[in-house]
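Beneath this line is the structure, given in structure tokens, with notes to follow.
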Amino acid sequence: MAAESSVAFQRSIPVRHAVDILVAGGGPAGLAASITAARQGRTVFLAEGHTCFGGMGTAALVPAFMPFGDGVNFLAGGFGQEVAHRLFDAGGAGPEDHRETIGCMNINAEVLKRVYDTMVVETGMGFAFQTHVIGVVTRDQRLEHVICWGKSGLFAVKAAVYVDGTGDGDVAAWAGAPFEKGDAVGRLMPGTLCSTWADVDWDTVRKSHLDPEAILPQAFKDKAFTVEDRHLPGMFRPGRNIGAGNLGHLFGVDSTDERSVTQALLWGRKSLPEYERFYKQYLKGYENMELVTTGSLAGIRESRRIMGDYVLGLDDFKKRAVFDDEIGRFAYLVDIHASKPGEADFAKFLDDFKNLRYGKGESYGIPFRTLLPKNLKNVLVAGRCISSDRYIQGSVRVMPGCFITGQAAGMAAAMAIEKGAEVRNVAVPELLARLKKLGAFLPNFKG
């Protein structure tokens, strides 16, 4: 029998939810957007494809929030600061963290899950886990419905405004917004399958003063690794004797292709015994470490960048740009992991990592226009897929940056509903005033 190359599939499905705002994705950006909008009195439905909220910081076991601030100011003010305080108060930060930190904060993923659960439930919004957005219906540059799949079957959600918090920009891309992905030849940053380890002797680790990355060349000579990956982000400390591993890279992974993700997950799990042997044999304090679990999601650093009304770029980073419509400021360095494990690619990573960073108190503005996809009238994007070049995505992709853009997208969506306006017609001065009232760091807004 000849193989079929395609099949027609058509059916009527129920519109299960009709709300003011649909938020696709319950990671840090989607959570900030949905909770912010719901607190403004809008009806919201949040569709989360996994079994918990938080995405990279929970299901993917990314071990820590990158810096919340610029060394002087708490930049992820409002929603981000609330999350940091709630996590600390719930015992979910590391033993060396502080409640008022403006730097990195370690993450106990199970505690963070509960923090996010509580914040969502408190709003009374509609939401569902294991609910995947699989398609869109558009007309005249307006998104009319999103199509979801859950175990109960297919259903549609109708909203007036849609916020894409998928990380990959799925909704905006499917609806027709232009996007870019990767470098000039399409290469993407590698991901990482993060992990949790028991029985790490942190006192001994600290006293040893050994740098794992500096010891890698000897391990390569000893043929300890299948792939000579020179970049080792390392082990974090979320608990007294717990290690949270950001170990190794999933080279070539494309999170917009499930076949690629499948192969990456297989390699990630296969490679961890090599890192276990490395830590036990070449370092001190890890001799009794034992693998507890790996992330149920791959840690993804890069995918689509949705092109919007303004493309935030490297020049903006270099000049510490200020914008009339900036919805926040951010300061994380340009952190573009090498696409391949070779020496030349790693040297380029090190050059950017050392030189594309700020001093204390320095930051760049994130304009509201980066949240507005071209060719779409009622869609906002938030998180790592906002309109930027690859350099800025290498900075703004981390969770505190996602809190900033998600909070602004949620407030703008709520205002568009209130005013009966398209998202581009939201009054920017009022948007900034409302964000500042929530605690957003907006030093250049004088309204």
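Every number in this text was worked out from the coordinates using simple rules, so none of it is lab data. This structure is a prediction, so every number in the text was calculated from the model and none was measured. Cβ coordinates were reconstructed from backbone atoms using ideal geometry, including for glycine residues, and neighbour counts include every protein chain displayed.
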Taking trypsin sites (Lys or Arg not before Pro) in a DSSP loop with at most 12 other Cβ atoms within 10 angstrom as exposed, one finds the longest site-free stretch of the chain at 12-98
Rounded to the nearest 10 degrees, the helix 28-39 long axis (Cα) sits at an angle to the longest Cα principal axis of the chain of 40
Listing 56, 66 by rising number of other beta-carbon atoms within 10 angstrom, fewest first, gives 66, 56
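Just to confirm the filter: which chymotrypsin sites (Phe, Trp or Tyr not before Pro) across the range 360-391 are DSSP coil and have at most 16 other Cβ within 10 angstrom of their Cβ? Working shown, then result.
Working: sites: 364, 368, 391; in loops: none.
Answer by residue number: there is no such site.
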Applying the gyration tensor rule to the Cα atoms of the range 371-447 (axes a ≥ b ≥ c; rounded if a/c under 1.5, else prolate if a/b exceeds b/c, else oblate), the class is oblate
Kirkwood-based Rg/Rh on the Cα set of the range 22-85 evaluates to 1.01
Helix 343-355: inclination vs the chain longest Cα principal axis, degrees, rounded to 10, gives 70
For the range 331-421, listing GluC sites (Glu not before Pro) in a DSSP loop whose Cβ sees at most 15 other Cβ atoms within 10 Å gives 362
Per the helix-only model, the chain has a calculated mean residue ellipticity at 222 nm (DSSP H runs of ≥4, -39500 (n - 2.57) each, divided over all residues, rounded to the nearest 500) of -10000 deg cm²/dmol
So, for the Cα atoms of the range 195-294, Rg and Dmax in Å stand at 14.0, 44
Listing 148, 385, 402 by rising number of other beta-carbon atoms within 10 angstrom, fewest first, gives 148, 402, 385
Rh_Kirkwood(the range 237-382) over Cα pairs, Å, one decimal, evaluates to 18.8
If one compares the long axis through the Cα atoms of helix 79-89 with the longest principal axis of the Cα atoms of the chain, the angle in degrees, nearest 10, works out at 50
Per DSSP, the loop-located chymotrypsin sites (Phe, Trp or Tyr not before Pro) within the range 1-110 having at most 16 other beta carbons within 10 Å are 9
Share (percent) of C-alpha pair distances in the chain greater than 39 Å works out to 18
Log entry: pair-distance distribution for the range 2-152, C-alpha pairs binned every 5 Å from zero, whole % per bin is 2, 8, 16, 18, 16, 12, 9, 7, 5, 3, 2, 1, 0, 0
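Could you work out the local net charge near residue 398, counting Lys and Arg as +1, Asp and Glu as -1, over the other residues with Cβ closer than 10 Å to its Cβ?
+2
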Final fewest-first order of 196, 138, 51 on the 10 Å Cβ neighbour count is 51, 138, 196
